[in-house]
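Here the structure comes first, spelled out in structure tokens, and everything after it is commentary.
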Amino acid sequence: MNYYNEIKNELVNNEVYKRVKDYSKNKSDLTTYYNVGKLIVEAQGGETRAKYGDGLIKEYSKKLTAELGKGYTFTSLSRMRQFYLMHENIATLSQQLSWSHYIELLKLGGISKINYYIKIVKDQNLSVRELRDKIKSKEYERLDDKTKEKLIKREESKITDFIKNPILIKNRYDYKNISEKILKQLILEDLDDFLKELGDGFSYIENEYKIKIGDRYNYIDLLLFNIKYNCYVVAELKVTELKKEHIGQVQVYMNYIDKNIKSMSHDKTIGIIICKKDNEFVMEYSSDERIFETTYVVN
């Protein structure tokens, strides 16, 4: 097989197809670049050798540039090879992602990380710029190790798996002293990002949600609902280290919601304590598996 001619034909056909059927550009790009990457790997003698041999790519790049013009640099062809090799290990080749999305993903190390960002681009319909922001914030690195293991094994996730730790909260006004009131204000002013930091399916109901226990009123910092997992979520904010009384407080609020607010069709309420500093010993001896904690960073 003349691999160079096959590669050239793939690229030429893609350029023609994109001019005729503009609406299908992305599908054509991804299919073409996958096929080109596959041909390059085969021309280099297989996957093992393809990881190291760059001489052939340099040769093809020089010839393609001379015959077809700009756009087929050594870097471009190397990305196509890498794209093919990556595709053998990722969950799926999604056409919801553009070639520009995949270029950003090709810079990452680790298939688990790549699969995570593919998932959130699809779930949240992220632009390339938004994807870059997610990567820059080290969102994957802020996931729990157990969640990363689930991604590797492609196991089913639960509601709390994608809560980041720490959660990033923007300090728009450069506050020096962060009280619970100010922390809540910063969250509410950037609510969409906050809900995404918690994970999939979270929606906002109310802050300072009033409940009556006996003859006294209590106020839940944030009452949320998770559409994906069909349950209420009690979120409490603490600007201190996690304490055992925080768990007791959230547990009371959760039980109240379960008894008085949730319907038979809803799953049991969960609680999330967002604190300045975690305390693994307190959580270790908490018997309620519906309560979770994470920390925050104001920046």
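The values are calculated or read from the model by the stated rules, or taken from the named source; none is laboratory data. Nothing here was measured: the structure is a model prediction, and the numbers come from that model. Cβ sites come from the backbone with ideal geometry, for glycine too, and all protein chains shown count toward neighbours. The protein model used for the area step is the full one, side chains on, heavy atoms only, and it has no ligands, DNA or RNA in it. Shrake-Rupley method; radii C 1.70, N 1.55, O 1.52, S 1.80 Å.
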(message) Ignoring ligands, DNA and RNA, please state the percent of accessible area on segment 93-139 from carbon and sulfur, probe 1.4 Å.
(response) 47
(request) Note down the nm distance, to one decimal, between modelled labels 7 Å out along Cα→Cβ at K62 and at N177. (result) 6.9
(request) Could you please state how large a percent of the accessible area of segment 154-299 is carbon and sulfur, counting protein chains only and using a 1.4 Å probe? (result) 48
(message) Using a 1.4 Å probe on the protein heavy atoms only, what accessible surface does M283 show? Give it in Å² to the nearest 10.
(response) 50
(request) Quick one: compute the contact order of segment 152-233, relative version, from alpha carbon pairs under 8 angstrom and 6+ residues apart, as a percent. (result) 25
(message) Can you say what percent of the DSSP beta bridges in the chain, counting only those with both residues inside, are antiparallel? Round to 5.
(response) 50
(message) With a 1.4 Å probe and all protein chains kept in place, how much accessible area does E42 have, in Å² rounded to the nearest 10?
(response) 70
(request) Give me the accessible area per residue for the chain, probe 1.4 Å, as a whole number in Å². (result) 55
(message) How many angstrom lie between the Cα centre of segment 85-164 and the Cα centre of segment 168-195?
(response) 26
(request) Along Cα→Cβ, 7 Å out, is where each label goes; now give me the distance between the ones at N26 and F281 in nm to one decimal. (result) 5.2
(message) Which of V12, V36, V128 ends up with the largest GNM mean-square fluctuation for the chain, with Cα atoms connected below 10 Å?
(response) V12
(message) Given the whole protein assembly as supplied and a 1.4 Å probe, what does the accessible area of F83 come to in Å², nearest 10?
(response) 0
(request) Pop out the ³J(HN,Hα) list for segment 213-221 in order, Karplus 6.51 cos²θ - 1.76 cosθ + 1.60 with θ = phi - 60°, rounded to Hz; leave Gly and Pro as x. (result) 10, x, 9, 10, 8, 10, 10, 7, 3
(request) Express the relative contact order of the chain as a whole percentage, based on alpha carbon pairs under 8 Å and six or more residues apart in sequence. (result) 11
(request) Leaving ligands, DNA and RNA out of it, rank R172, R79 by accessible area with a 1.4 Å probe, largest first. (result) R172, R79
(request) Consider the candidate values (1) 37, 21, 19; (2) 33, 22, 17; (3) 50, 18, 18; state which one is semi-axes √(5λ) of the Cα gyration tensor in Å computed from the structure displayed. (result) (3)
(request) Of the listed pairs K134/K184; K138/K164; K27/K148; K27/K63; K244/K268; K244/K277, which have alpha-carbon separations greater than 18 Å here? (result) K134/K184; K27/K148; K27/K63; K244/K268
(message) Connecting C-alpha atoms closer than 10 Å in a GNM of the chain, tell me which of K176, K119, K27 has the biggest fluctuation.
(response) K176
(request) May I ask you to derive the relative contact order of segment 93-232, considering only C-alpha pairs under 8 Å and at least 6 residues apart, and to give it as an integer percent? (result) 15
